[in-house]
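**Q** Sharing a structure with you now.
The values are calculated or read from the model by the stated rules, or taken from the named source; none is laboratory data. Everything numeric here is computed off the predicted structure, so don't read it as measured data. Reconstructed Cβ throughout: ideal geometry from the backbone, glycine too, with neighbour counts over all protein chains shown.
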Amino acid sequence: MTIRRHIAPDLQDPHPRKPGRGRHQATWFVVLAVALSVGLLGTTLACRADDPAPSKPANATEKDPLPDVQLDLDGPEDGPPPVVAPITIHRGQVVQINSRSNTVWIVIPSHYFAEAGGGSDWAIGEEMIAFKIDRGFARVKLSEDFPASNEEQSVFFSILYFNGQTYFYQQGESPPRMIIPPSPLS
């Protein structure tokens with residue numbers, strides 16, 4: 001007679017140990033641990049794929065990117081829009097247009113500009129780009145392949161302001177313009 005017969009049925013082990021069961025569990029534990037490790041490693045590498053590349057050494061031969069050009073369109077909330085002076089922008093450079101006090105709509109009739117962030121209601125056509133700034137900012141980038149020239153070139157654009165009650169078109173040098181410096185023909 002074994003001791004097991006004398007133990008109450010509700011206290012007996014429902015899964016008595018079988019020879020080799022410990023190795024089976026250990027194997028599954030190792031397989032599970034390896035699978036989780038590989039999954040975490042893959043996820044980490046996938047997340048790091050979007051990280052920016054490490055900075056280049058100071059002696060790199062590539063030219064440094066130009067800083068953004070700022071264009072502020074803020075004027076008095078109850079008056080006409082401010083006078084916008086011409087701005088200079090180089091090929092590949094970004095212009096950030098700010099309007100914190102008014103809503104503005106801007107149309108740039110050139111296919112050499114691209115959306116670079118901010119703004120809303122973007123409309124991009126074959127020969128123009130248009131967008132809205134509702135008390136915030138928008139960024140546009142001038143293409144590197146803007147046509148080369150031995151003379152400075154200008155891109156004129158249109159600005160429509162809305163101060164909550166009245167619409168105004170740009171005043172001063174109208175239409176305002178962006179000046180692209182000469183780039184000798186190759």
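**Q** Which of the following residues is surrounded by 15 or more Cβ atoms within 10 Å (Cβ to Cβ), under 30 Å from Ser183 (Cα atoms) and without any contact (Cβ under 8 Å) to a residue 40 or more places away in the chain: Gly118, Gly125? Steps first, answer last, please.
**A** On the way: Gly125 fails: surrounded by 15 or more Cβ atoms within 10 Å (Cβ to Cβ).
Result of the check over Gly118, Gly125: Gly118.
**Q** Return only the number of the condition from (1) surrounded by 15 or more Cβ atoms within 10 Å (Cβ to Cβ); (2) modelled with pLDDT of 90 or more; (3) closer than 20 Å to Ala85 by Cα that Asn102 does not satisfy.
**A** Going through (1) surrounded by 15 or more Cβ atoms within 10 Å (Cβ to Cβ); (2) modelled with pLDDT of 90 or more; (3) closer than 20 Å to Ala85 by Cα one by one, Asn102 breaks only (2).
**Q** Any chance the range 174-184 includes a residue that's in contact with a Lys or Arg (Cβ under 7 Å, 6 or more places away or on another chain) and surrounded by fewer than 18 Cβ atoms within 10 Å (Cβ to Cβ)?
**A** yes
**Q** Additional query: How do the strands (runs of 3 or more DSSP E) wholly within the range 116-183 filter down when requiring 3 or more residues that are modelled with pLDDT under 90: which remain? Outline the logic, then answer.
**A** On the way: elements: 120-124, 129-142, 153-156, 158-162, 167-169, 177-180.
Output list reads 158-162, 167-169.
**Q** Okay, next question. Test Lys132 against the criterion of being within 17 Å of Pro67 (Cα to Cα) and either over 21 Å from the mean Cα position of the chain (by Cα) or surrounded by 13 or more Cβ atoms within 10 Å (Cβ to Cβ) (or both), and give yes or no. Don't jump to the end; show me each part of the working.
**A** Details: within 17 Å of Pro67 (Cα to Cα): no; either over 21 Å from the mean Cα position of the chain (by Cα) or surrounded by 13 or more Cβ atoms within 10 Å (Cβ to Cβ) (or both): yes.
So Lys132 fails the test.
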